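Notes follow the structure.
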2 protein chains.
Amino acid sequence: MLILGVDPGLTRCGVGVIEAGASRRLSFVHVDVIRSKPEQPQDLRLLTIYNGLCAKFDRFIPDVVSIERVFAQENRSTVLGTAQVAGLAMLAAAQRGIPTALHTPSEVKLAITGNGMAPKAQVENMVMRILSLNEPPKPADAADALAQAICHALRPAGAIQGGEREEHLTAAQRQWAVAMQKARRGRGGIKRDM
Amino acid sequence: MLILGVDPGLTRCGVGVIEAGASRRLSFVHVDVIRSKPEQPQDLRLLTIYNGLCAKFDRFIPDVVSIERVFAQENRSTVLGTAQVAGLAMLAAAQRGIPTALHTPSEVKLAITGNGMAPKAQVENMVMRILSLNEPPKPADAADALAQAICHALRPAGAIQGGEREEHLTAAQRQWAVAMQKARRGRGGIKRDM
């Protein structure tokens with residue numbers, strides 16, 4: 001299964017592609033950053049990023065696109081642009097009939113390092129080890145996109161998103177659901193509108 | 001000049017089209033609301049709204065698309081979805097080479113009623129009078145989209161957006177710039193990333 005991860009951003013939008021084989025063996029396929037110039041009008045920047053994402057989707061034809069879930073609470077000045085690029089990635093996937101998944105940064109860190117609050121360097125280190133890379137993918141946005149894709153691959157089969165029924169879970173799925181809930185609480189809950 | 005106003009929203013996205021003729025005479029052309037179902041996945045909802053916007057743009061071929069500027073500060077739970085739909089409108093316009101303009105709700109109220117804090121009913125009333133409508137456009141989202149288009153038509157020629165040079169303005173342009181600054185201050189400043 002080919003998984004394409006997106007780390008959305010208006011200036012730099014990371015794209016990472018991995019292949020998830022038998023026994024959850026993961027291998028590196030591609031990593032890149034799509035850029036738009038801050039001095040350009042917003043509409044042209046969105047068009048540039050959208051066209052770049054479409055080109056990646058058409059080149060790799062992923063089975064699923066995994067996108068960072070953006071929070072309204074984050075008071076970064078870039079949050080709206082980030083949300084818009086995440087929206088473009090969802091649009092481009094929907095136009096191609098490719099399913100999308102959203103994972104928060106905490107979910108990604110938890111899936112890759114076992115710690116939802118892990119520092120960036122630790123996540124990068126694990127991305128390298130999991131994908132057997134000799135050096136860290138650069139720039140950092142690219143590593144985050146690969147981490148998004150890895151998170152989607154490593155989540156327990158049938159991993160439960162918040163709000164779904166949890167009666168019939170395996171032990172591993174229950175453990176995952178509990179950890180997800182903890183990670184969510186740490187971020188003030190998940191915004192369901194995003 | 002044909003102006004298409006967009007009141008972005010994921011559940012209801014208003015679209016209003018007006019013709020701005022000689023002497024700033026404005027006439028009503030079209031009003032509608034594009035809807036997506038809250039129970040659908042986010043990516044399919046974005047696709048539905050995007051397709052609806054593209055159909056409107058291709059039907060009316062507006063000279064400019066005027067879109068509500070969204071603020072990160074607004075702590076409405078819908079702000080990210082709203083920002084994403086605004087992004088889709090910018091994308092659809094850019095794909096067609098149609099210029100876009102962004103106006104805040106305060107700018108719209110100011111342009112239409114002379115008061116940036118005017119209540120909704122007053123704005124609706126003025127939309128009816130300006131466009132010589134016999135009854136208020138419904139639903140309310142539709143009135144807001146027409147108001148967006150009217151705001152763009154009524155702004156002073158060469159109206160200055162915040163941050164631009166103000167030395168060579170006419171008296172009317174200066175008055176507009178000052179009022180815009182006041183309206184912005186009232187909202188905690190404009191987010192330039194949006």
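The values are calculated or read from the model by the stated rules, or taken from the named source; none is laboratory data. Quantities reported herein were computed from a predicted structural model and do not represent experimental measurements. All Cβ positions, even for glycine, are placed from backbone atoms using ideal geometry, and neighbour counts span all protein chains on display. Heads up: the accessible areas ignore ligands, DNA and RNA and are worked out on the full protein's heavy atoms, side chains in. Shrake-Rupley method; radii C 1.70, N 1.55, O 1.52, S 1.80 Å.
So the values come out like this:
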{"item": "12 Å beta-carbon shell around A:Ile112, net charge (K/R +1, D/E -1)", "result": "+1"}
{"item": "Inter-label distance for A:Asn125 and A:Arg24, nm, one decimal - labels placed 7 Å from Cα along Cα-to-Cβ", "result": "2.1 nm"}
{"item": "Cα gyration tensor category, rounded, prolate or oblate, for region B:33-88 with a/c compared to 1.5", "result": "oblate"}
{"item": "Largest-first ordering by accessible area, 1.4 Å probe, given options A:Lys56, B:Lys109", "result": "B:Lys109, A:Lys56"}
{"item": "Sequence of B:Arg24, A:Arg69 when ordered by accessible area, the most exposed leading, probe 1.4 angstrom", "result": "B:Arg24, A:Arg69"}
{"item": "Cβ-based net charge around B:Asn51, under 13 Å, with every Lys or Arg adding one and every Asp or Glu removing one", "result": "+2"}
{"item": "Cleavage-rule hits, GluC sites (Glu not before Pro), region B:1-82, DSSP coil, Cβ neighbours within 10 Å at most 12", "result": "B:Glu39"}
{"item": "Over region B:2-152, relative contact order from alpha-carbon pairs under 8 Å, at least 6 apart, %", "result": "33 percent"}
{"item": "Paramagnetic label zone (point 7 Å from Cα along Cα-to-C-beta, A:Gln95; backbone N under 11 Å) in region A:32-47", "result": "A:47"}
{"item": "Protein heavy-atom accessible area occluded, A/B pair - total, 1.4 Å probe, Å²", "result": "2400 Å²"}
{"item": "Considering only region A:1-111, percent of DSSP beta bridges that pair antiparallel, nearest 5", "result": "65 percent"}
{"item": "Accessible surface of A:Asp58 - all protein chains present, 1.4 Å probe, nearest 10 Å²", "result": "90 Å²"}
{"item": "Cα gyration tensor category, rounded, prolate or oblate, for region B:94-134 with a/c compared to 1.5", "result": "oblate"}
{"item": "Three-way shape label, region B:1-126, alpha-carbon gyration tensor, a/c 1.5", "result": "oblate"}
{"item": "Cβ-vector label at 7 Å, B:Pro139, separations to other copies in nm", "result": "4.2"}
{"item": "Förster radius 51 Å - calculated FRET efficiency between A:Leu133 and B:Asn115, Cβ distance, rounded to 0.05", "result": "0.30"}
